[in-house]
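The values are calculated or read from the model by the stated rules, or taken from the named source; none is laboratory data. As the structure is a prediction and not an experimental result, all values here were calculated from the model. Virtual Cβ from ideal backbone geometry, glycine too; neighbours counted across all protein chains shown.
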Amino acid sequence: MKKIGIIAALHEEIAILLDVMGDSAHKVTIGSRDYYQGNLYGTNCVVVLARIGKVAAAITTVTLIHEFSVDEVIFTGVAGSINKSVKVGDIVVADNLMQHDIDASPIFPRYEIPLLGISRFRAEPSINQQIINSALYFIDNKLVNTLDSNSIKKFNLSSPTVHTGTIISGDQFINSKSGVEHLREAIPDALCVEMEGAAVAQVCYEYEIPFAVFRTISDSADDSASLDFSSFLLNVARFYSIGIIKALLENKQSG
Ligand code: ADE
């Protein structure tokens, strides 16, 4: 039976998953992280809180592969939009990921991972298609009944869009107009920015493990990025994560 590693950076993003696993989850602590192995909607999963940043994400991904022999890795969490067509409440599924803060130039080309020879890591298209279908199912059938109406109004979540494209990662929370503009100019096709996905992607690439990263947009990475962050995480993002993963594992998909 397939075993899936599920990672998030923030507690809120996996809290409900752990509740659902309940007593079926067996906790193993390795390298200061708790890995919960058990049954999630009929699938053998290992759920873990990586904490924030690329190093944390890389350590966690290696452990999932080495100690738990997962067959695939899925990362869920929030991100800041850096593309005008990507709005708060939308979902971005990465088809490729880059580390926007890697720079060994002029020894190696900007953005290239030194001695690996590539700058972009491709996510597994077949998992992506299932996540896209699951996200559409969640939006069409579950969102309105899952979120409270105040949050739907406050964050304008009447009809979120599912995007597929480039996600960029770096060890910075981007919260300034100039920061967003700099990233837009540097990597024009990037849809959103976060702090872990491309590290998970690099580890999975090097270990030849299929992976996917999907993100709910929590902010626009500008001066207001941190304002509603906690409220969004608590009232919106954690329900997106569980809703989409539930649909994915139960194979309930639109499209
Ligand atoms: N995750 C969510 N919002 C983010 C931002 N603005 N910058 C980096 N990571 C994020």
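Odds and ends about this structure:
- Selection status of Gly170, more than 16 Å from the ligand (Cβ to nearest atom) and either within 14 Å of the chain's Cα centre (by Cα) or crowded, with 20+ Cβ neighbours inside 10 Å (or both): no
- Of all residue pairs spaced 6 or more apart or on separate chains, those with beta-carbon atoms under 8 Å, a first member in the range 85-113 that is basic (Lys, Arg) and a second member that is modelled with pLDDT under 95 and assigned to a loop (DSSP other than H, G, I, E, B) are Lys87/Asn156.
- In the range 104-146, the residues that are among the acidic types (Asp, Glu), over 20 Å from the mean Cα position of the chain (by Cα) and under 23 Å from Ser241 (Cα atoms): Asp140
- Qualifying residues in the range 1-36 (those that are small (Gly, Ala, Ser) and buried (at least 18 other Cβ atoms within 10 Å of the Cβ)) - the one farthest from Ala212 (Cα to Cα): Ala25
- Filter result for Ala225 (among the hydrophobic types (A, V, I, L, M, F, W, C), within 16 Å of the ligand (Cβ to nearest atom) and crowded, with 24+ Cβ neighbours inside 10 Å): no
- Any chance Ser81 is more than 16 Å from the ligand (Cβ to nearest atom) and either crowded, with 20+ Cβ neighbours inside 10 Å or of a type in the set (Gly, Ala, Ser) (or both): no
- Output for the range 179-202, where each listed residue is surrounded by fewer than 23 Cβ atoms within 10 Å (Cβ to Cβ), among the small types (Gly, Ala, Ser) and away from the ligand (no atom under 13 Å from the Cβ): Ala186
- You will find that of Leu115, Leu97, the residue that is closer than 20 Å to Thr164 by Cα and not charged (D, E, K, R) is Leu97 and no other.
- Qualifying residue in the range 203-216 (condition: polar (S, T, N, Q), touching a residue at least 40 places away in the same chain (Cβ under 8 Å), within 13 Å of the ligand (Cβ to nearest atom) and surrounded by 22 or more Cβ atoms within 10 Å (Cβ to Cβ)): yes
- If you go through the range 28-78 and keep only what is within 16 Å of the ligand (Cβ to nearest atom), touching a Lys or Arg at 6+ places or on another chain (Cβ under 9 Å) and touching a residue at least 60 places away in the same chain (Cβ under 8 Å), you end up with Ala50, Ala56, Ala57, Phe75, Thr76, Gly77, Val78.
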